[in-house]
Amino acid sequence: GHVPRFARVTVEGYDENGNKIRIRAREELSIAFQHEIDHLKGILFYDHIDKKDPFKEDPDAIKIQ
């Protein structure tokens with residue numbers, strides 16, 4: 001199924017010394033961050049897809065290959 005994701009994200013967190021950090025990511029790295037953050041929240045791939053039409057494409061979406 002297709003899971004829509006944002007092409008660009010900004011992620012904030014803390015480094016190993018407790019200093020706040022901010023990472024701006026785009027394209028594949030943006031998708032990876034969103035995927036992993038979903039896991040931390042207990043959200044799975046299945047939770048994102050359209051159950052009735054899992055391969056439905058968003059006409060405004062841009063595929064990243």
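The values are calculated or read from the model by the stated rules, or taken from the named source; none is laboratory data. What you see is a predicted model; the values in this text were computed from it and never measured. Methodologically, a virtual Cβ is constructed for each residue, glycine included, from the backbone with ideal geometry; neighbour enumeration extends over all protein chains shown. Keep in mind that these areas ignore ligands, DNA and RNA; they rest on the heavy atoms of the full protein, side chains included. Shrake-Rupley method; radii C 1.70, N 1.55, O 1.52, S 1.80 Å.
Summary of computed values
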item: Top-ranked residue in region 25-65 [being part of a loop (DSSP other than H, G, I, E, B) and β-branched (Val, Ile, Thr); ranked as most open to solvent (accessible area, probe 1.4 Å)]; result: 62
item: Residue tally, condition assigned to a loop (DSSP other than H, G, I, E, B), without any contact (Cβ under 8 Å) to a residue 40 or more places away in the chain and among the hydrophobic types (A, V, I, L, M, F, W, C), over region 1-21; result: 1
item: Within region 1-24, considering residues that are under 30 Å from residue 51 (Cβ atoms) and among the basic types (Lys, Arg), the one least open to solvent (accessible area, probe 1.4 Å); result: 5
